[in-house]
Every structure is written in C-alpha cells, then in structure tokens.
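Contents: one structure, followed by commentary.
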Amino acid sequence: MSASDGSRAVADEPGELAAAAEIARTLLTNLERVVLGKTDVLRLVVAAFAARGHVLLEDVPGTAKTMLARALAGSVEGTRAVRIQCTPDLQPTDVTGLSVWDPPSRRFEFRPGPVFANVVLVDEINRALPKAQSALLEAMAERQVTVDGVTRPLPAPFFVIATENPIEQDGTFPLPEAQLDRFLIRTSLGYPALDEEIRIVEDQVHGHPLDTLRPVVSRDELARLFAAVEAVYVDPLLRGWIVELVRATRELEELEVGASVRGSLALDRLARAVALVEGRAYATPDDVERLFVPVLAHRFVPSAETLAGSESRTELLERIRTRCLERAPRPAPLWDTRV
C-alpha cells in the first residue's frame, strides 16, 4: 500500500481494514486520556476525522472543546493545532492571512493566517460577522484559500472543530445554511458526570493531561485510516435507503427546507467511518439511524409553526427522525454481514 499525496492510500491489502480500525481505536484511547467520560462523542469525532469531515460543537464554555482539539492534534505525529477566537471585529484576513509589503524585497509577501494548520478550533464561530464566517467556506469545502487572486492549498490533514454557545444570543450571528452544510456533524460534549468531574479535578492537581500526551499515530497511518473509510462496504439497499431518508426531509410539512444532496453524501460517508471505528468492514441500518440527528439536524430548517410548538429541541428532532423513518421505512431484509 502506498500514499501518493500523504492523504490518500489504496486499502486493498488483506487485513487493511482491521489495521485501520486499530489505528482509530488507538487514536480514540489517546483522546480519552484527556477528555474523560465522553467516549460516545469522542468516537463520533474520531469517525468524522477519519471521514475527513468537520465538526460543530454546541456547548457552553468549559466543556473541554479546546482540550479536544489540542489532544487530537497532539495524537498525530507532526500536526499542529491553532485556535481562532471569534469576535465581531474579526476580519476575513485574520483567518486566511494577507499579503504585506516587504520594503527590502520591494514586493508583497503572503503571511499565512491561522487557518493554515492541521486542526483548527474556531471558538464561538457565531460571534464572528458573516463576512468572517464566510472566510472558512472555501477552506472547509476545498481545503484551500484564495487571497489576492492566488489559491493556496491548506496543509493535510485539515480538520475544523467549531464551537457555538447555544445559550447566549446577544452579539451573535446565526450561521447561514451554506456554512452549516460544510460541517459533517453537529454534536455536543456536555458536562461530565459527577464521578468523572471528581476524577478530572484529581488528575489536574499536579499538572494537565495534555502535558504528558504523546503522538500515537503517524502520518502514514493516518493516510491508511482515510483510505480505509472509502473501502468500508455499504450495501446498495442501504445506500438507497440513505438517499430516501434524506429526501424524506424535503417532504415533511414540519420542515421549511430539507437536507441537500450533501446530507446524503455525509450520512453515507460517516456511516462507513463509524463502522470502521467500531471494527466493522460494513455499515448497517443501525449506523444510519443513530447518525440521522448529528448528520442531518443542522441541514434542515423547521417551519415557523413547528418552532412555535412547546417541544424541546431534542423532542422536535426525534419527532422529525421518526416521521422520516415512517416515510422511508427501513429496508428488508435486514443484514448484519457483507453480502
């Protein structure tokens, strides 16, 4: 097996999927040393990373978002994490970089912005003005930025973890649908349980877990992980059901706007990545059902009448998921192995 550009490889050797699954487990275990008690969410983040997608975390401050980004970068050899703190005065060039006049050389020289990193934490993204938010669109979709008419590739791997505070609304600017659609998943870490919070306090009496974190995955292993996601099997019936589920969001009266084709692509890709992280060479209908909300909920827009109801956001999303499953029933026969 070889990787021609450091980010792609051909997963065609015997046992390659099993080896890639072990790489994912190693990465997950390393993250669990720093972010305690959040295995389910970390598994989802690792799967999104393996699928080369981006993650939006809806969380209040102090829930280990920055630690997660730094731990992820610190787990892969030769990667770098940066943090962009979004404020209303943040300019697009503060993200992408800009050309500066250099008197000795008598020419403009490009100075890269913080987006030129491997893991980029965009903290409180909804506090940035829309023009600053849009600076990330090209970077997230195409892994490149264009400044002064010159397109420059971003380093590989390139992974964005953005956060937004779901409680505070003053001084915030809601993300447009085009921006939300660039995130593979939207999820939440949340506060730890009581015993886990006690352990966090105890563990940091004499230092921070990040101080002892060491890389456990090489660049070559990361390339194998990326390639293995593409090799995970998806039955044609399952792939057809994925598309039917996404199309069902466009037919519900509860929704003003349904999920786009990018939703179908995201659900298919993340189902494969989750299967790999869990040590399987095939995706299942169960994978698709449990990924419906984190992959699709930020891609559709409820109608005003729906939002005016008394349901909580969790209850609303579960109702929409149930309605879509009714419109696009789970296919039969149900399979558990590659056929």
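We did not get these values from a lab; they are worked out from the coordinates using the rules stated. Just so we're clear, the structure is a prediction, and the values are computed from it rather than from any experiment. Because the Cβ atoms are built from the backbone with ideal geometry, glycine has one as well, and the counts that use them run over all protein chains shown.
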Next item on the list: Please order 241, 101 by the number of other Cβ within 10 Å, starting at the fewest.
Entry: 101, 241
Notebook entry, point to check: Can you pull out the trypsin sites (Lys or Arg not before Pro) in region 244-310 that DSSP calls coil and that have at most 14 other Cβ atoms within 10 Å?
Noted result: 250
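Checking understanding here: applying a Kyte-Doolittle mean of at least 0.0 and a length along the axis of at least 20 Å (C-alpha), which whole DSSP H helices in the chain pass? Please list the in-between numbers first.
Details: long enough: 16-32 (24 Å, 0.52); 236-249 (21 Å, 0.71); 261-277 (24 Å, 0.99); 313-327 (21 Å, -1.07).
Helices meeting the criterion: 16-32, 236-249, 261-277.
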Next item on the list: Give me D for region 29-136 in µm² s⁻¹, whole number, from Stokes-Einstein with Rh from the Kirkwood sum over alpha-carbon pairs, 25 °C and 0.890 mPa s.
Entry: 158 µm²/s
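Could you tell me the relative contact order of region 223-320? Use alpha-carbon pairs under 8 Å, at least six residues apart, and round to a whole percent.
Numbers: 108 pairs, mean separation 32.3, N = 98.
Once normalised by length, the contact order is 33 percent.
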Margin query: With an 8 Å Cα cut-off and a minimum separation of 6 or more residues, compute the relative contact order for region 138-240 in percent.
Written below: 12 percent
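Tell me, what is the percent relative contact order of the chain, built from C-alpha pairs under 8 Å that lie six or more residues apart?
Numbers: 585 pairs, mean separation 79.9, N = 339.
Relative contact order for the chain comes out at 24 percent.
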Notebook entry, point to check: Among 187-197, 309-319, how do they line up from the highest to the lowest mean number of other beta-carbon atoms within 10 Å?
Noted result: 187-197, 309-319
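Shape verdict for the chain, please, from the Cα gyration tensor: rounded (a/c under 1.5), prolate (a/b greater than b/c) or oblate. Mind showing how you got there, number by number?
On the way: a/c = 1.37, a/b = 1.18, b/c = 1.16.
In terms of gyration-tensor shape, rounded.
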Notebook entry, point to check: Can you give the helix-only mean residue ellipticity at 222 nm for the chain, where every DSSP H stretch with n ≥ 4 adds -39500 (n - 2.57) and the sum goes over all residues, rounded to the nearest 500 deg cm²/dmol?
Noted result: -13000 deg cm²/dmol
Note to self: Can you say what percent of the DSSP beta bridges in the chain, counting only those with both residues inside, are antiparallel? Round to 5.
What the structure shows: 40 percent
